[in-house]
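Everything below concerns the one structure shown next.
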Amino acid sequence: MATKNLSERDQKHLWHPLTQHKLHSKMLAITKAKGAVLWDENGKEYVDGIASWYTSMYGHCNPYITGKVTEQMQTLDQVVFSGFTHEPAVQLSEALIEILPKNQQKLFFSDNGSTATEIGLKMALQYHFNKGEKRNTLVAFEEGFHGDTFGAMSVSGLSVYNGPFEEFFIQVARIPVPDGSNDQEVYEQLESLIEKENIAGFIYEPLVQGAAAMKMHHAKGLCRLLRLCSEHDVITIADEVMTGFGKTGSYFASDHMLNKPDVICMSKALTAGLVPMAITSCTQKVYDAFYSDDIAKGLFHGHTYTANPLACSAALAGIELLRSKEIQDNITRIIRSHQAFDEQIKHHKKVASTRQCGIIYALDLNVKMDRYGNLRDRLFDHFMKHGVFLRPLGNTIYILAPYIITDQQLRHIYDAIEAALELV
Ligand SMILES: *Cc1c(COP(=O)(O)O)cnc(C)c1O
């Protein structure tokens with residue numbers, strides 16, 4: 001036994017997410033993480049260019065965050081949140097409301113991004129149910145991704161994930177994202193859906209569709225759609241699980257628009273990459289539709305670890321850091337650094353197009369490839385060999401690094417990308 005390494009022991013009992021084990025049997029064992037760096041079991045270093053799926057934005061094992069959580073651990077670890085409350089949850093609610101768009105008033109806790117959107121969908125559907133209106137269809141963007149539970153899958157548009165389950169989905173109508181050239185058409189499409197169908201809500205990833213390979217759209221077109229929805233009491237649900245907490249250059253992507261959503265879904269960077277948690281926030285209007293003498297009008301949804309005190313204290317510490325001058329300066333620095341890299345690379349003959357929103361940078365290669373194809377694997381291996389953890393999606397290479405990444409580490413990522421262009 002002692003001679004087997006972690007990767008070998010892993011294969012006996014573990015089933016990994018988003019993995020076809022027959023094709024990809026070997027997992028890389030990571031033993032340590034600090035700041036923007038991961039170490040594998042052989043001691044090799046990797047710059048975490050995607051902040052471990054957009055979570056560890058203030059750096060891995062950030063001492064401020066681990067310190068706060070360790071402190072909390074000594075006094076209150078876990079308690080039921082139905083009928084009880086506690087300091088970390090109350091403090092977090094006060095801190096989060098301060099940075100959310102002003103119309104957000106109430107917070108509902110859960111455990112992950114999928115449950116956050118699931119709850120957003122339930123809020124939209126039950127909102128109309130409670131008002132005695134029959135509205136049973138949701139609108140979503142094409143190529144959206146909102147998670148892997150049933151409601152979230154239903155509104156997601158990526159068939160690789162959803163294929164086997166499609167016949168069990170809730171009712172969804174899809175519209176393209178307004179990309180600047182089609183804004184009026186998309187607007188009219190939504191208008192006619194609202195006229196003809198019973199639309200309960202509209203769920204969307206604001207400005208950047210993460211799983212669709214960081215596909216970006218403009219605030220203007222989306223802002224008009226939000227106004228149209230609000231004129232017809234269609235509940236708007238911003239899935240900010242990926243975009244939230246500074247990634248687009250402001251606290252939330254919704255800050256870039258004049259019209260605000262009724263509901264906002266948060267997870268990933270919410271807890272600074274330490275422990276899982278999610279929050280679905282909503283307006284007073286949504287909350288009031290559930291507030292009643294009738295018990296059945298309540299939102300009867302709850303997870304065992306709801307508002308876990310440790311997760312709340314991690315989130316609270318994360319928000320403090322996000323608001324600090326140091327992190328805000330880092331965000332500005334990364335935005336400028338990406339812009340300079342873009343100038344240098346965008347005319348390369350292997351680069352078809354580039355795009356940036358805040359600290360999120362993406363480039364499309366001038367080659368055709370499958371989302372999970374062979375060339376994609378070769379690219380991934382190339383980056384890992386160069387000590388850079390990036391996860392190309394199809395022919396898109398993107399960077400979403402922790403805010404505390406150094407200029408030198410950024411240079412390392414850029415160099416690895418430039419070398420990759422010679423490979424394809
Ligand atoms: C990751 C993600 C989800 C799902 O979150 P999980 O925590 O993986 O369930 C939902 N929506 C968006 C936009 C995401 O990026």
Checklist entry - When ligands, DNA and RNA are left out and all protein chains stay put, how many square angstrom of accessible area per residue does the range 42-92 have with a 1.4 Å probe? => result 53
Next on the checklist: If amide hydrogens are placed 1.01 Å from N in the peptide plane, which non-local residues have theirs closer than 5 Å to the one on Tyr361?
Outcome noted: Ile399
Checklist outcome for this item: Amide H proximity to Ala173 below 5 Å, modelled H, separation 5+ or other chain, gives Leu138, Val139, Ala140
Checklist entry - In the range 321-410, what chymotrypsin sites (Phe, Trp or Tyr not before Pro) fall in a loop by DSSP, with at most 15 other Cβ atoms inside 10 Å? => result Tyr372
Checklist outcome for this item: Under the 7 Å Cα-to-Cβ spin-label approximation, Glu45 and His218 lie apart by a distance in nanometres of 4.3
Next on the checklist: I'd like the distance separating the alpha-carbon centroids of the range 86-115 and the range 214-272, in whole Å.
Outcome noted: 16
Checklist outcome for this item: With the 8 Å Cα cutoff and a minimum separation of six or more residues, the chain has a relative contact order in percent of 22
Checklist outcome for this item: Quick note, the range 1-88: a/c under 1.5 would make it rounded; otherwise a/b > b/c is prolate and the rest oblate (a ≥ b ≥ c, C-alpha gyration tensor); here it is prolate
Item to check | Dipole of the chain, positive direction: furthest Cα of Ser254, Val37, Ser292, with charges on the beta-carbon | outcome: Val37
Checklist outcome for this item: Residue-normalised 222 nm signal for the chain, counting each DSSP H run of n ≥ 4 as -39,500 (n - 2.57), nearest 500 deg cm²/dmol, is -12000 deg cm²/dmol
Checklist outcome for this item: Over all pairs of different Cα atoms in the chain, the reciprocal of the mean inverse distance gives a Kirkwood radius in Å of 22.5
Checklist outcome for this item: Note to self: with every protein chain in place and a 1.4 Å probe, the range 226-381 gives an accessible area per residue in Å² of 42
Checklist outcome for this item: Residue by residue through the range 242-250, the couplings from Karplus 6.51 cos²θ - 1.76 cosθ + 1.60 with θ = phi - 60°, in Hz, x for Gly and Pro, are 8, 7, x, 6, x, 5, 8, x, 10
Item to check | Dipole in debye (nearest 20) - the chain, about Cα centre, beta carbon charges: Lys, Arg +1; Asp, Glu -1 | outcome: 800
Checklist entry - On the accessible surface of the chain, probed at 1.4 Å, how many percent belong to carbon and sulfur atoms? => result 53
Checklist entry - To the nearest 10 degrees, how steep is helix 87-99 against the longest Cα principal axis of the chain, on a 0 to 90 scale? => result 90
Checklist entry - Between Phe202, Ser154, Cys229, whose Cα lies farthest towards the positive end of the dipole of the chain when Lys and Arg beta carbons carry +1 and Asp and Glu beta carbons carry -1, centred on the Cα centre? => result Ser154
Checklist entry - For the chain, with the dipole built from +1 on Lys and Arg beta-carbon atoms and -1 on Asp and Glu ones, taken about the Cα centre, which of His338, Asn395, Val424 lies farthest toward the positive end? => result Val424
Item to check | Built amide H within the under 5 Å cut-off of Lys215, gap 5+ | outcome: Gln209
Next on the checklist: Taking every DSSP beta bridge with both residues inside the chain, roughly what % is antiparallel (nearest 5)?
Outcome noted: 65
Next on the checklist: Shape verdict for the range 232-281, please, from the Cα gyration tensor: rounded (a/c under 1.5), prolate (a/b greater than b/c) or oblate.
Outcome noted: oblate
Checklist entry - Pairing the Cα long axis of helix 113-130 with the longest principal axis of the chain, what angle in degrees results, from 0 to 90 and rounded to the nearest 10? => result 10
Next on the checklist: Between helix 325-345 and the chain, what is the angle of the helix's C-alpha long axis to the longest principal axis, kept within 0 to 90° and rounded to the nearest 10?
Outcome noted: 60
Checklist entry - Could you give me the ³J(HN,Hα) list for the range 186-199, computed from phi with Karplus coefficients 6.51, -1.76, 1.60 and θ = phi - 60°, whole Hz, x at Gly and Pro? => result 5, 4, 5, 4, 5, 4, 6, 4, 5, 5, 8, 10, 9, 7
Checklist entry - Dipole magnitude of the range 1-121 about its Cα centre, charges +1 at Lys/Arg Cβ and -1 at Asp/Glu Cβ only, in debye to the nearest 20? => result 440
Next on the checklist: Along the Cα→Cβ direction, 7 angstrom out, place labels at Arg227 and Thr75. What is the inter-label distance in nm?
Outcome noted: 4.7
Item to check | Those chymotrypsin sites (Phe, Trp or Tyr not before Pro) in the range 80-120 that DSSP places in a loop and that have at most 11 other beta carbons within 10 Å | outcome: Phe84
Checklist outcome for this item: quick shape note, the range 57-138: Cα extents on principal axes in Å, largest first -> 50, 31, 24
Checklist outcome for this item: Excluding residues fewer than 8 positions from Lys285 in its own chain, the lysines with Cα under 16 Å of it are Lys102, Lys106, Lys122, Lys131, Lys260, Lys297
Checklist outcome for this item: Rounded to a whole number, the Stokes-Einstein D of the range 277-424 in µm²/s (Kirkwood radius over Cα pairs; 20 °C; 1.002 mPa s) is 115
Item to check | Cα-centre dipole for the range 341-424 with unit charges at Cβ (Lys and Arg positive, Asp and Glu negative), debye to 20 | outcome: 260
Item to check | Backbone HN-Hα couplings from phi across the range 259-269 [Karplus 6.51/-1.76/1.60, Hz, Gly and Pro as x] | outcome: 7, 9, x, 6, 9, 10, 9, 10, 6, 6, 5
Checklist entry - Put a dot 7 Å past each Cα toward the Cβ at His16 and Lys349; how far apart are the dots in nm? => result 3.6
Next on the checklist: So for the range 21-159, averaging the separation of alpha carbon pairs under 8 Å that are six or more residues apart and normalising by length, what relative contact order in percent results?
Outcome noted: 12
Next on the checklist: Checking a compactness column here: for the range 364-424, what do you get for Rg(Cα) / (2.2 N^0.38 Å), N being the number of residues?
Outcome noted: 1.09
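The values are calculated or read from the model by the stated rules, or taken from the named source; none is laboratory data. Just so it is clear, the model here is predicted, and its values are computed rather than measured. For neighbour counting, all protein chains shown are included, and Cβ atoms are generated from backbone atoms with ideal geometry for every residue, glycine included. To get the accessible areas, we keep the full protein, side chains included, count just its heavy atoms, and leave off ligands, DNA and RNA. Shrake-Rupley method; radii C 1.70, N 1.55, O 1.52, S 1.80 Å.
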